[in-house]
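Data block below; observations after.
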Amino acid sequence: MLWLFLLLRKTYNARTGFVHMDCPYGCASCGAQCTGRVFAEGFGTYQSAWGHVANGFDLAQGFASQNYYHLVRALLGSAACPACGRFAPVLVSQTEHQAAVRVDRATSRFIWAGTAAGVVLVLLLGGALYDKSGWLALLGLSLAITCGLLVLHARTPNGLPLRLSHPRNVSFYWQDQWVVPNTTYTPSQDTPVARTGLFSGLTYGGACVAGLAAVTTLVTWASSFQTLRVVNLEDATIHIVVDDEPLGDVTTHVDATADAPQQTFSLRSGSHVIEAFSADNQLIERRTVDFHAFDRQWIFAPRPRLHNACLATVVTTYSKYGSAPAPVITPYPPPPFTTRVDDALVGSPTSVTMDQNTSETTRTALRVFDCSTMDDEPASFATRTRARP
């Protein structure tokens, strides 16, 4: 039905032309009586849902005449008196109310935006003190600047000030001549200063720069969180301490897909002292590691040389036209090791890539092997009997 309506509908437009009408005028303030002349033009539209209608244009012309009379009445009601120069009291009251509402909205925007900026700044600075990181404080400052600039923008009223002006197409026959009152009225609560385009541009530009700084700071702050994967090569639970603060325990439980017991912890960028203690609180290993920003993951395995454990990268290439060849195993430097690894998990694939030209898929995994089997057929560290220290 919609396509049928769009296909058959027909629109008729009509206009009265720019003509004048003389109407009696009486001032509600001073009581002056005179004749007002209004120049206006009315427009009318009639739309038929079923194509051509014989009286379609006549209906549009009738709507144009009605709109013309409504326009004349509205223009005459918004005119200023030629005797006292005042506008209709109802019109003045409505303008004052609109000005008061706009001022109240500007004030409320200022209060709410200022409160939001203060709350955000306090919360983020509190988080920065708890986190002991300067990035979060800078983030809070950037967000506060953004909110402050938006507050400044919200505090200024929008557009030109509200003002009543006598319409130029309305004249009065007063004292034996046609006159056009040159009268304006500005509400008492509205500001006469309008916001300029330059001020708006500077405000929006400053807000965009502060917002960009906040986003950049947020990305930098998020990248300062580092992942520390601790591999337990012992036969008992070990306790991990970072900068004299307990971080967590790593048990001897081994998942079916893992080569050794392991646990993941979160640290911040910077230099840290990592210590591993046995169940009886004996120091097993101590390492000082400088965690760099934007590095993804780090691995720490206490006493790997004692347990004859080797860390290696296994790269396997699969082809859909045949079986996979033998994997390429690349050992890391000999243990002991605290090795930085990008996008890698012990015993899990680090990346899977596919060559569109050769239809080959390359799978890269980080493994923990028994060093004694590296020259022959590497065996998972979890499958051998570990020596006790």
Query - Matching residues, segment 156-212, being modelled with pLDDT of 85 or more and in contact with a helix residue (DSSP H, G or I) (Cβ under 8 Å, 6 or more places away or on another chain) - result: LEU164, PRO167, ASN169, VAL170
Query raised in the report: When LEU212 is evaluated against the numbered criteria (1) surrounded by fewer than 14 Cβ atoms within 10 Å (Cβ to Cβ); (2) in the same structural domain as ASN281 (by TED's automatic domain parsing); (3) not in a strand (DSSP E or B), which criterion, by number, is the only one it fails?
Result: (2)
Report summary line: Residues of segment 1-30 being of a type in the set (Lys, Arg) and modelled with pLDDT under 85, in sequence order, are ARG9, LYS10
Query raised in the report: Of all residues in segment 272-315 being of a type in the set (Phe, Trp, Tyr) and in a strand (DSSP E or B), which is surrounded by the most Cβ atoms within 10 Å (Cβ to Cβ)?
Result: TRP298
**Report entry** Filtered residues of segment 209-255 (kept if on the phi > 0 side of the Ramachandran plot and out of contact with any strand residue (DSSP E or B) (no Cβ under 7 Å at 6 or more places or on another chain))
**Finding:** ASP244
Query - Of all residues in segment 251-271 being out of contact with any Leu (no Cβ under 6 Å at 6 or more places or on another chain) and under 13 Å from THR227 (Cα atoms), the one that is surrounded by the most Cβ atoms within 10 Å (Cβ to Cβ) - result: GLN262
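Yes or no, residue by residue, for (1) buried (at least 17 other Cβ atoms within 10 Å of the Cβ); (2) over 30 Å from THR11 (Cβ atoms):
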{"residue": "HIS52", "(1), (2)": "no, no"}
{"residue": "ALA60", "(1), (2)": "yes, no"}
{"residue": "GLN66", "(1), (2)": "no, no"}
{"residue": "GLN94", "(1), (2)": "no, yes"}
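The values are calculated or read from the model by the stated rules, or taken from the named source; none is laboratory data. From a predicted model like this one, the values you see are computed outputs, not experimental measurements. Backbone-built Cβ (ideal geometry, glycine too); neighbour counts: all protein chains shown.
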